[in-house]
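I have placed the structure first, in the form of structure tokens, so that the comments after it can refer back to it.
Each value in this text was obtained by applying a stated rule to the coordinates, not by laboratory testing. In this text, all values refer to a predicted model and were calculated from it rather than measured experimentally.
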Amino acid sequence: MSNTSSRGGYLIPAERIENAILEVRGQKVMLDADLAALYGATTRRLKEQVRCNRRRFPAGFMFELSLGELDELVAKCDRLSRLEHSSIPPFVFTEHGAVMPASVLRSNRAVEVSVFVVKAFVRMRGMLADRRRLALKLAELGSRLAVPDRRFLEVFAALKALMRPPDRPRGKLGF
């Protein structure tokens, strides 16, 4: 994916979408406020449309965070500090659900931006798969050595550290 995507006059930094993708309940998701901003709508309008069109958003597409999950996300990610005192937990949208707001918001921007959202999720899934493949190859190589060389072990440890996902979600980029 390029650093910026332009379609129909909308310029969206790829990092903006990728940095909005979080992991909750073992799934990659996007917050309602982040999707609303991308689609050119208010969070209130997005939530309104989701509630009016509940059939388009089954459990596998979207869910509401618990207050505990919200507190945990806010503690882990500085960019979510605006939600710290929120008593209304946000909706989060999975990869499949993140494109559905385009069908209920009914704006040209929402339809066009949904393509970039899908591409960002696909790219992140590919990066995760690449990381797993590399880890398997390194483990295989390490097991082939009868007596591992100290230098190999140092390189192996460094590569494993680089492949480990960051402890905290990435900060806000592209704004």
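A few remarks follow.
- In summary, the aspartates and glutamates within cross-link reach of LYS28, defined as a Cα separation below 17 angstrom excluding same-chain residues under 8 places away, comprise GLU15, GLU18, GLU64, GLU69, GLU72, GLU95, ASP130, ASP167.
- HN-Hα J in Hz across region 70-76 - Karplus 6.51, -1.76, 1.60, θ = phi - 60°, x for Gly and Pro: 4, 4, 5, 4, 4, 5, 8
- Integer Hz, Karplus 6.51/-1.76/1.60 couplings in order for region 25-33, x for Gly and Pro: 6, x, 10, 7, 9, 10, 6, 4, 5
- Quotient of C-alpha Rg and 2.2 N^0.38 Å, computed over region 31-113: 1.07
- Scalar couplings 3J(HN,Hα) for region 55-68, obtained by applying the Karplus form with A = 6.51, B = -1.76, C = 1.60 to θ = phi - 60°, are 5, 7, 10, x, 3, x, 9, 7, 8, 9, 5, 7, 5, x Hz; x denotes Gly and Pro.
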